Amino acid sequence: MAELQQALSMVFAWDILAIVVGASLFGLFMGAIPGLTATMATALLVPVTFFMEPLPAIGAIVSATAMAIVAGDIPGALLRIPGTPASAAYTDEAYLMGRQGKVGQALGINLACSMVGGLIGVAMLAFFSPLIAEFALRFTSDEYFWLALLGLSCAVLVSGSDPLKGVISMLLGLLISMVGMSSVSGQMRFTFDIPGLLGGISILPVLIGLFAVAELLRRIPEVGRISIPRPPTVKKPFEGVGREMWRYKGGGIRSGFLGTLIGALPGAGADIASWVCYAISRKLSRTPEKFGTGHPEGLVSASAANNAALSGAYIPALVFGIPGDTITAIIIGVLMMKGITPGPDVFTNDAVLINAIFIVFLLANLLLLPLGLLAVRSARHILSIPSGVLYPLILLFCIVGAFATNNSMLDVWIMLGLGLLAYLMAENDFPIGPMILAVILGPIIESNFLRSMIKAQGDMLELFDRPIATTLGCLALLVWASIIFSTFWNMRISAHEAGST
Amino acid sequence: MRINDLLLGVVMALLGAITIWASRDFPSLPRQPYGAGTFPTLIGALLVVFGGIMALRGWRRRGALFAWQGEVGPKRVLFCIAMVIAAVVAYIELTPILGFPVVSLVLLTLMIDWLTSHRWVLATSVAVIATALVWLAFAKLLHVPLALGVLEKVVY
């Protein structure tokens with residue numbers, strides 16, 4: 001109880017509250033503008049959080065991402081353009097409701113269900129993660145090696161239709177993580193005699209390059225070519241929302257739980273959760289024929305799912321230090337920069353901080369409703385900002401943010417280089433998720449493997465000596481078998497198609 | 001721009017081969033075969049294997065080495081990318097000499113002016129405000145040493 005009180009007094013300090021509200025407003029802005037994603041918002045926020053204590057840093061990222069995902073629903077309902085990929089599953093549904101004169105109701109459902117989903121996710125996070133952490137205290141380097149490998153492998157498996165490209169993206173990420181001093185032996189690797197590379201490539205310029213610069217390179221050519229139409233005004237945002245939510249309460253709650261679980265899986269994030277829950281609610285619906293015509297049922301489920309998934313992703317991130325998606329990969333990077341290695345020990349040594357993080361989550365999700373309403377009211381103004389003004393400002397922010405990590409221009413070069421690489425990769429359908437997860441997980445996998453080998457004096461089979469390690473190891477090998485199988489299966493199918501045409 | 005899998009696969013396999021070659025001298029840990037070279041060699045080997053599979057797939061599917069996709073023409077896209085690269089390189093090279101305020105002001109004005117088809121009043125005013133805000137936030141509040149360059153003599 002004393003811990004909870006301490007945590008409460010930590011969160012309800014004016015500076016933390018100001019940061020949470022400020023970051024929410026930033027997330028609101030980024031999410032509401034089509035083309036700017038929640039991950040990009042996080043990448044741009046990290047340079048600022050770099051100068052904060054751990055709690056406000058996490059609070060800022062949590063509230064900005066939750067708000068960005070919700071604000072992403074707004075241009076979806078108004079203009080049929082999803083603000084972030086997480087809203088894409090139900091953009092048509094919300095827009096068609098708008099065409100029936102129910103745009104206020106559609107947005108109201110988005111907001112209220114996002115909050116409910118988010119709260120379910122936070123409750124599950126706060127309930128399950130300490131339990132899992134207690135179990136994980138018995139883990140040794142063997143289990144961590146397999147767990148990190150399993151996380152990375154799952155991220156490759158779910159990354160897209162072409163697992164081969166996911167694998168290569170992952171390998172490039174691992175290669176980036178090898179630069180600098182080896183954490184176990186102290187050997188210098190791939191530093192090209194550049195002193196700035198001795199400590200390895202910093203995570204910040206990598207994030208900004210992969211998620212902000214690459215996106216800018218994709219968007220800038222479209223400036224002036226694609227014009228955003230003027231959005232309609234929203235009348236009576238909460239009319240009939242309570243009634244519809246009560247009618248579909250089962251679907252909403254189910255999606256909250258399912259979304260959290262999907263978010264907790266490595267590699268699957270808010271966008272996959274909302275697609276899956278939308279599809280399931282259609283399958284279980286009494287009126288599946290109404291889906292896709294402006295029917296609120298799918299909207300209730302999918303809106304709840306994507307925000308629940310955001311919280312779910314923090315379960316493996318906080319308990320094991322294994323990120324569930326790109327945003328938690330960034331969070332782990334931020335915590336490591338602050339000298340905190342996420343893992344079960346944090347739950348025992350730093351219980352106050354963990355409780356405070358849960359309270360921040362709760363707060364950020366409760367803020368969704370009032371700030372979301374503000375976002376709906378100001379959507380016309382936000383959407384009228386010309387992208388020609390916005391993109392140069394974001395570019396400047398990227399440069400200054402990358403520079404601010406180590407006060408070095410080398411990081412700006414790295415940001416530019418990786419931005420170009422990520423742009424080319426995205427143009428050729430390489431997923432970026434496996435790459436950033438590999439950058440974070442590479443050192444974890446390597447150092448745990450080498451530690452296990454030192455203990456086992458080089459006997460690789462000892463990695464399978466403990467029951468949990470064996471289970472995790474078999475799962476990881478199974479995932480790899482399916483990656484390789486589907487690669488060859490794809491090749492066979494494409495060869496067959498080429499032969500028949 | 002879509003590049004044929006054959007070409008991409010060959011580049012990845014080459015990168016893998018170079019990685020293996022560059023990690024050949026990393027010493028292993030005492031009394032065992034594993035060490036600082038294990039992972040880089042493994043990553044390199046996997047790049048060779050999977051790059052090879054990708055090249056093979058691209059070769060079997062044939063198709064053009066380079067193809068253009070998307071609604072915006074190649075000239076415009078390449079020009080925009082070149083502009084972004086030029087802006088970042090100009091920032092890196094010029095900031096130590098001219099100072100952050102000057103470089104940021106000029107770069108922002110030029111880029112906004114270009115992207116909003118010459119609304120230069122808007123461009124200049126946004127550039128002035130943004131430069132001042134970034135300076136205040138990063139240099140003053142967060143103590144990031146953004147260079148003053150020649151302005152150092154003017155200010156001090």
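A convex hull fitted around the alpha carbon atoms of the range A:300-435 yields 170 Å³ per residue. Ranking A:Met181, B:Met54, A:Met188 from most to least accessible surface, computed with a 1.4 Å probe over the protein chains only, gives A:Met181, A:Met188, B:Met54. Amide H contacts for A:Arg189 (H built 1.01 Å from N in the peptide plane; partners 5 or more residues away or on another chain; cut-off under 5 Å): A:Gly180, A:Met181, A:Ser182.
Comparing the full protein assembly with the isolated chain, the residues of the range A:380-394 losing at least 50 square angstrom of accessible surface (1.4 Å probe) are A:Val389, A:Pro392, A:Leu393. Quick one: Debye curve from the C-alpha atoms of the range A:120-209, no solvent, what's log10 I(q)/I(0) at q = 0.17, 0.26 Å⁻¹? Scattering profile of the range A:120-209, log10 relative to I(0): -1.03, -1.16. At an R0 of 51 angstrom, the distance between the Cβ atoms of A:Thr470 and A:Leu424 translates into a FRET efficiency of 0.80. Kindly provide the chymotrypsin sites (Phe, Trp or Tyr not before Pro) of the range B:55-125 that DSSP labels as loop, not H, G, I, E or B, and whose Cβ sees at most 15 other Cβ atoms within 10 Å. Passing sites in the range B:55-125 are B:Trp68.
Using a probe of 1.4 Å, the accessible surface attributed to A:Cys154 totals some 30 Å² when neighbouring protein chains are kept in position. In the range A:218-320, a dipole from Cβ-located charges (positive for Lys and Arg, negative for Asp and Glu) runs towards its positive end, and of A:Gly294, A:Ile280, A:Thr233 it is A:Thr233 whose Cα lies farthest in that direction.
Taking all protein chains as they are arranged and a probe of 1.4 Å, the heavy atoms of A:Asp345 leave approximately 90 Å² accessible to solvent. Shown here is the pair-distance distribution of chain B: with all Cα-Cα distances grouped in 10 Å bins from zero up to the longest one, the shares run 10, 20, 18, 18, 24, 9, 1, 0 percent. Interface residues of the range B:118-132, defined as those with an accessible-area decrease of at least 20 Å² between the chain by itself and the complete set of protein chains (probe 1.4 Å), are B:Val126.
Across the range B:2-67, the relative contact order, built from alpha-carbon pairs under 8 Å that are at least six residues apart, equals 54 percent. The H on the amide N of B:Gly35, modeled in the peptide plane, is under 5 Å from the matching H of B:Leu29, each at least 5 residues off or on a different chain.
For the range A:215-250, accessible area lost to neighbouring protein chains reaches 50 Å² or more, against the chain alone with a 1.4 Å probe, at A:Leu217, A:Ile220, A:Pro221, A:Arg225. Both radii were evaluated on the Cα set of the range B:2-67; the Rg over Rh quotient, with Rh as the Kirkwood radius, amounts to 1.19. To the nearest 10, the accessible area of A:Thr37 is 30 Å² with a 1.4 Å probe. Accessible area per residue for the range A:32-178 is 25 Å², calculated with a 1.4 Å probe on protein heavy atoms, without ligands, DNA or RNA.
Against the criterion of solvent-accessible heavy-atom surface with a 1.4 angstrom probe, A:Trp275, A:Trp146 sort, most first, into A:Trp275, A:Trp146. Roughly how far apart, in whole Å, are the Cα centres of the range A:417-445 and the range A:299-370? For the range A:417-445 versus the range A:299-370, the Cα centre distance is 22 Å. Think of the protein assembly as shown as having a plus end and a minus end, set by charges on the Cβ of Lys, Arg, Asp and Glu; of A:Val116, A:Gly388, A:Leu171, A:Gly388 sits farthest toward the positive end of this dipole.
Note on exposure: A:Ile444, A:Ile331, A:Ile81 ranked by accessible area (1.4 Å probe, complete protein assembly) read A:Ile81, A:Ile444, A:Ile331, with the most exposed listed first.
Couplings 3J(HN,Hα) for the range B:11-21, derived from phi with the Karplus relation 6.51 cos²θ - 1.76 cosθ + 1.60 (θ = phi - 60°), are 4, 5, 4, 4, 4, x, 4, 5, 4, 4, 4 Hz, where x marks Gly and Pro. In the range B:74-155, the portion of solvent-accessible area held by carbon and sulfur atoms comes to 77 percent [1.4 Å probe, whole percent, DNA, RNA and ligands not counted]. Taking only protein heavy atoms and a 1.4 Å probe, the accessible area of the range A:272-388 is 62% carbon and sulfur.
D by Stokes-Einstein for the protein assembly as shown, Kirkwood Rh over Cα pairs, 20 °C, 1.002 mPa s: 83 µm²/s. Simple rule: put +1 on each Lys or Arg Cβ and -1 on each Asp or Glu Cβ in the range B:74-155, find the dipole, and look at B:Ser117, B:Ala132, B:Leu105; the Cα lying farthest toward the positive end is B:Ser117.
In loop segments of the range A:83-158 as defined by DSSP, the trypsin sites (Lys or Arg not before Pro) with at most 11 further C-beta atoms inside 10 Å of their C-beta are A:Arg138. Chains B and A together bury some 6100 Å² of accessible area, summed over both sides, with a 1.4 Å probe.
The values are calculated or read from the model by the stated rules, or taken from the named source; none is laboratory data. Being a predicted model, the structure only gives us computed values, none of them experimental. Positions of Cβ are generated from backbone atoms using ideal geometry, with glycine treated the same way; all protein chains shown enter the neighbour counts. Remember, those area values only see protein heavy atoms, side chains included, never the ligands or the DNA or RNA. Shrake-Rupley method; radii C 1.70, N 1.55, O 1.52, S 1.80 Å.
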